[in-house]
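Input: a single structure, listed below in structure tokens.
The values are calculated or read from the model by the stated rules, or taken from the named source; none is laboratory data. Values in this document were obtained by computation on a predicted structure and should not be read as measured data. Note that each Cβ is placed from the backbone with ideal geometry, even for glycine, and that neighbours are counted across all protein chains shown.
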Amino acid sequence: MADSKQDNTPYVDALLEYSARETGRFQVPGHKGGLAADPAMVELVGMTGLINDVPSVTEGVDIGPEPTPFQQAQLLAAAAWGASRTWFLINGASQGNHATSMALGHMGNEMVVQRNVHSSIIDGLVLNGMRPSFVSPELDPELGIAHGLTPESLAAALDATPNAVAALVVSPTYFGACADVAALAEVAHSRGLPLICDEAWGAHLHFHPDLPPDALASGADLVTSSTHKIVGSLTQAAMLHLGKGDRIDPAIVDRCVSLVETTSPSGLLTGSLDAARRMAAVHGEELLTKTLAAIANTREQILQIPGLGILDESMVGRAGIAGWDPLRLSVDVRGTGSTGYRLAKKLFYSHGIDLELYSENVVVGIFGMGEPAETGERLVAALRASVGELEAEPGPPQEKLAPPPPWGELVMTPREAYLGPQEVVPFDDAVGRIAAEGLAAYPPGIPNVLPGERLTAETLAYIRESIAHGGYVRGGSDRELKTLRVTVER
């Protein structure tokens with residue numbers, strides 16, 4: 001039975017109470033609760049949103065007798081997720097990864113990092129100046145996607161990096177694979193090190209017994225949680241959870257969160273976290289039960305479409321996969337004779353379906369907490385029509401995209417390369433140079449090049465090939481990738 005305290009939204013209530021007072025607003029924001037807003041903004045946000053766009057440092061909301069409503073909301077979130085402390089984030093999980101990285105910088109100079117991390121972790125390495133030792137996740141040779149990290153791989157990486165002060169892993173992956181976080185935590189803890197988990201895609205796992213165990217319950221020490229992705233706070237609103245152990249100093253984390261957050265946080269974003277917490281804590285199991293049933297029905301219908309398959313719990317037991325999150329509906333398109341790139345474009349332009357991710361072999365649709373069954377039915381109908389249309393419009397023959405080559409040697413720390421002397425050279429002339437910017441072929445967005453790594457001919461060829469297959473590359477300052485920014489070696 002849900003904790004009755006969790007049925008409250010103290011921060012939202014405080015915002016609404018402030019707005020109901022119709023206070024004369026002689027502070028920011030300049031739209032003054034909608035009175036001075038452009039009609040287009042009113043149409044976009046609505047007067048309700050503008051009235052409740054309450055700034056920080058407001059009496060009775062986030063200042064005054066403690067715990068303030070804002071502090072109460074964070075305490076409730078910590079209790080809901082089983083954390084010792086929770087911070088609200090208004091720059092997404094990226095802010096959590098930045099703050100985490102800077103907190104780890106207080107502990108030493110080296111850390112072990114799973115290679116298929118989000119780009120915000122790499123940005124965090126630029127901020128903290130640490131030298132990473134990267135460890136590769138398990139790669140699926142058939143699907144061409146990355147899964148989780150195995151305990152054996154983490155143990156080997158930590159043994160090879162005796163000065164590491166922490167290990168950072170990712171679970172779940174973009175495609176739904178969940179690593180054995182409990183075993184990974186044991187590997188790190190047995191060496192006296194904290195385990196950091198980027199659980200951006202797993203904010204909902206804690207709230208249903210049929211889902212894989214969440215990172216905090218599995219022993220992770222600091223967890224980034226992208227609450228907006230599936231639990232449903234406003235876009236950009238996330239949380240950072242501290243585990244129950246004493247391997248991470250909460251005072252340092254608090255200091256680092258403050259360093260990378262605005263001094264003018266949006267009450268709408270933070271309020272949405274309070275409301276999303278209540279929904280998850282009070283109604284999460286019920287909503288997820290309905291969603292899981294809708295997804296199961298959607299899967300069955302997709303499997304009846306010739307050429308389509310589903311990535312599901314049958315993959316559990318493969319290296320790097322200890323559990324599977326079904327709220328990422330990952331569809332194997334290889335049997336259609338087409339590619340995920342073409343299918344995703346057809347779905348979008350012909351049937352109004354916008355997918356979260358598409359790669360050569362797999363497309364991914366996201367289901368939120370409490371998703372109605374009708375959305376799955378719409379997806380199935382669009383998939384059925386699109387597959388038939390692609391069969392009638394075969395594209396030009398295309399060779400299968402080869403797996404990404406091994407990454408280049410890390411010659412400098414990401415910070416040294418990113419902030420040091422640089423120059424711009426033609427893309428084809430960059431072989432052998434040290435990258436001053438990161439490059440990640442999307443999808444799936446795993447970094448192919450990081451600042452500080454030696455650029456290889458194989459990597460540059462793979463990036464060009466990815467673009468030719470319909471993908472794009474994030475990170476380069478030259479969007480057309482005619483040039484690359486490299487370090488000036490002395």
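Residues to consider are 209, 250; find the one that is surrounded by fewer than 20 Cβ atoms within 10 Å (Cβ to Cβ) and either farther than 19 Å from residue 324 by Cα or at pLDDT below 95 (or both).
Just a single option satisfies the conditions, and that option is 250.
Can you name every one of the helices (runs of 4 or more DSSP H) wholly within the stretch 1-82 that holds 1 or more residues which are aromatic (Phe, Trp, Tyr) and buried (at least 18 other Cβ atoms within 10 Å of the Cβ)?
10-20, 69-81
Listed residues 357, 292, 347; which is buried (at least 22 other Cβ atoms within 10 Å of the Cβ) and not assigned by TED's automatic domain parsing to the domain that holds residue 215?
347
Sort out which residues of the stretch 244-285 are more than 21 Å from residue 233 (Cα to Cα) and assigned to a loop (DSSP other than H, G, I, E, B), and write them in order of number.
Scanning the stretch 244-285 gives 244, 245, 246, 247, 248, 249.
Would a scan of the stretch 130-139 turn up a residue that is outside the structural domain of residue 418 (by TED's automatic domain parsing), within 28 Å of residue 340 (Cβ to Cβ) and in a helix (DSSP H, G or I)?
No, the stretch 130-139 contains no residue that is outside the structural domain of residue 418 (by TED's automatic domain parsing), within 28 Å of residue 340 (Cβ to Cβ) and in a helix (DSSP H, G or I).
Within the set of pairs 6 or more residues apart or between chains, which connect a residue that is on the phi > 0 side of the Ramachandran plot inside the stretch 429-450 to a residue that is at pLDDT 95 or above and charged (D, E, K, R) with Cβ atoms less than 7 Å apart?
Final answer for the pair search is 432/454.
Among 221, 180, which is of a type in the set (D, E, K, R) and buried (at least 24 other Cβ atoms within 10 Å of the Cβ)?
Of the residues listed, the single one that is of a type in the set (D, E, K, R) and buried (at least 24 other Cβ atoms within 10 Å of the Cβ) is 221.
In the stretch 366-373, is there at least one residue being within 29 Å of residue 141 (Cβ to Cβ), at pLDDT 85 or above and either out of contact with any Ser or Thr (no Cβ under 8 Å at 6 or more places or on another chain) or surrounded by 15 or more Cβ atoms within 10 Å (Cβ to Cβ) (or both)?
Among the residues of the stretch 366-373, at least one is within 29 Å of residue 141 (Cβ to Cβ), at pLDDT 85 or above and either out of contact with any Ser or Thr (no Cβ under 8 Å at 6 or more places or on another chain) or surrounded by 15 or more Cβ atoms within 10 Å (Cβ to Cβ) (or both), which makes the answer yes.
Tell me which residues, restricted to the stretch 470-490, are part of a loop (DSSP other than H, G, I, E, B) and touching a Lys or Arg at 6+ places or on another chain (Cβ under 9 Å).
Within the stretch 470-490, 470, 476, 477, 478, 481, 489 qualify.
Any idea which of 62, 38 is acidic (Asp, Glu) and closer than 11 Å to residue 11 by Cβ?
62
Can you report the number of residues in the stretch 194-210 which are in a loop (DSSP other than H, G, I, E, B) and touching an Asp or Glu at 6+ places or on another chain (Cβ under 9 Å)?
6
Please find, within the stretch 451-469, the residue that is surrounded by the most Cβ atoms within 10 Å (Cβ to Cβ) out of those that are assigned to a helix (DSSP H, G or I) and in contact (Cβ under 8 Å) with a residue 60 or more places away in the chain.
So, considering only residues that are assigned to a helix (DSSP H, G or I) and in contact (Cβ under 8 Å) with a residue 60 or more places away in the chain, the one surrounded by the most Cβ atoms within 10 Å (Cβ to Cβ) is 466.
Restricting to the stretch 418-438, give me the number of residues that are under 28 Å from the mean Cα position of the chain (by Cα) and either outside the structural domain of residue 449 (by TED's automatic domain parsing) or in a strand (DSSP E or B) (or both).
Selection size over the stretch 418-438: 2.
Kindly establish whether residue 33 is of a type outside the set (Val, Ile, Thr), in the same structural domain as residue 90 (by TED's automatic domain parsing), more than 15 Å from residue 270 (Cα to Cα) and at pLDDT below 95.
Yes.
Of all residues being touching a Gly at 6+ places or on another chain (Cβ under 9 Å) and of a type outside the set (Ser, Thr, Tyr) in the stretch 468-488, which is nearest to residue 402 (Cα to Cα)? Just the residue, please.
That would be 470.
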